[in-house]
Number of protein chains: 2
Amino acid sequence: MKYQQQAIEKLKEYDVHPSIQRVMILDYLLSCNVHPTVDDIYSALLKDTPTLSRATVYNTVNKLVEVGLVRQLKDIDKKEARYDACLETHGHFKCVKCGKIFDFKVCDKLILDKKLEGFTVNTKTVYFQGVCPECNKVNS
Amino acid sequence: MKYQQQAIEKLKEYDVHPSIQRVMILDYLLSCNVHPTVDDIYSALLKDTPTLSRATVYNTVNKLVEVGLVRQLKDIDKKEARYDACLETHGHFKCVKCGKIFDFKVCDKLILDKKLEGFTVNTKTVYFQGVCPECNKVNS
DNA sequence: AACCTCTTTGGAAAGATTCTAACTTTAGAA
DNA sequence: TTCTAAAGTTAGAATCTTTCCAAAGAGGTT
C-alpha cells in the first residue's frame, strides 16, 4: 500500500468516493508498472481481501477510466484489457517475442495533423509492436 | 463488390487463397471506411450469402490480420474489435459524443523517441479520443 | 474419378464482461 | 446516536464475443 495516501487524494480530486476497494485498486495500479489485466488485479488483491468480487474490480476500473484517472489499453493484449494509471502522454511498445511492455515518451505536439483542427483531443494512445533489443540480440 | 478484383489480387499477393468468402470480406473492408466489427461484416454479407458462418468471418479477419492485409483495432470499441483494410500508417480519432471515427495522418518519423533505438517497430497504432468539430458546435 | 489439402460450416464451449437483486456501508439530517 | 436515502459491494446468473472442433465442401492434381 505504498501509494495509498496518493490514491485517496486522487480519488477525492476526481470526485470519486474513496472506498476501501477503490483505494486498494488504484493503489495497486499506481504501484505496478506492468499494466495489469482485471484478473491480475483481482488475483493480487484477493490475498489480502478474500471477500473481493470480480465485479467490483470491473466496476472500479470502469469508473476510474470514466473519470480519467486510468487508461484502458485493449490492443496490447489479444483478449483481456489492461489498465495503466500513468496519466502522462506516453506510448507503449510490446515485444512480440518476449511479450514485455515498454513505455516510451511521445512528443505529442508532433503527431498533430492539420486535419485535426477543430477537434478536442482528450486521450492519446500510441502503441507500437515489434521486437525489443534483447530479443533482437538473441536471434541474430 | 466494387473492390472485388483488387481484393483477389491482394489476396494472391499475400499468398492467401482467394476463396469466395475471403474475397467478399476483404472487398467489404476495402469498400467501407467505417472500420466495421465482425458482426457488422457478418450482418452485411449475410443478406447476399445466407449460408455464411460467423466462424468464417472470424477465421478470415484473423487470417487477414496475420498476413498483414488488415489491421485490428481494439481500443476503439469497448467490447468488439474493429477492422481496417487501409495499410498506410494513420491515426484514428473517435468522437466520444457521436461515436464517429475519423482517420488522420501521422507523420510517423516524428513519433520516435531516442529510447526506442535498437527496437524493431513493426506496427504503429495511434488512437485519439475526444470531441469532433460537429459535436463541438452543437454544445457551444 | 480418386485423392489430397485447404476452407467453410454450425454448434458447442470457453472466456471476458455486465447485469441483477440482495446486502452493506456511508454521509448527513434529525 | 439513530434514521434514511444514496452509493457501493457482492455472488452468481446472464450475455456477449471469440475460438474450437469435427464433419462436410471446394479446388486442384495425378
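Here are a few things to note about the model shown:
- Low-density loop cleavage sites - GluC sites (Glu not before Pro) in the range A:43-103, where at most 15 other Cβ are within 10 Å (DSSP): A:80, A:88
- Ascending list, in nanometres, of distances separating the residue A:8 label from those of the other copies (7 Å, Cα toward Cβ): 7.0
- Taking every DSSP beta bridge that has both ends in chain B, the antiparallel portion is near 65%.
- In percent, rounded to a whole number, the relative contact order of chain A is 18, using alpha-carbon pairs under 8 Å and six or more apart.
- Across identical copies of the chain, residue B:46 has label-point separations of 3.6 nm, listed in ascending order, with the point defined 7 angstrom from Cα along Cα→Cβ.
- For the segment A:74-82, counting C-beta atoms of other chains within 10 Å of every residue's C-beta and taking the mean gives 3.
- As a proxy for reagent exposure, B:105, B:137, A:10 were ordered by neighbouring Cβ count within 10 angstrom, fewest first; the result is B:137, B:105, A:10.
- Estimated 222 nm signal from helices in chain B, with DSSP H stretches of n ≥ 4 weighted -39500 (n - 2.57), rounded to 500: -11000 deg cm²/dmol
- Chain B: C-alpha gyration tensor shape, a/c 1.5 cut-off, then a/b vs b/c: oblate
- For the pair residue B:58 and residue B:19, label points projected 7 Å from Cα toward Cβ lie 1.5 nm apart.
- Pairs with C-alpha atoms separated by more than 20 Å, drawn from the list A:100/B:115; B:2/B:79; B:74/B:124; A:94/A:115, are B:2/B:79; A:94/A:115.
- Label spacing, shortest first and in nm, from residue A:133 to its equivalents in the remaining copies (7 angstrom along Cα→Cβ): 4.3
- Partners for residue A:12 among aspartates and glutamates (Cα-Cα distance below 16 Å; same-chain residues under 8 apart left out): A:27, A:66
Values quoted throughout were computed directly from the atomic coordinates according to the rules given, and no laboratory measurement underlies them. Everything quoted here is computed from the prediction, not taken from an experiment. In this analysis, Cβ positions are derived from the backbone assuming ideal geometry, glycine residues included, and neighbour counts consider all displayed protein chains.
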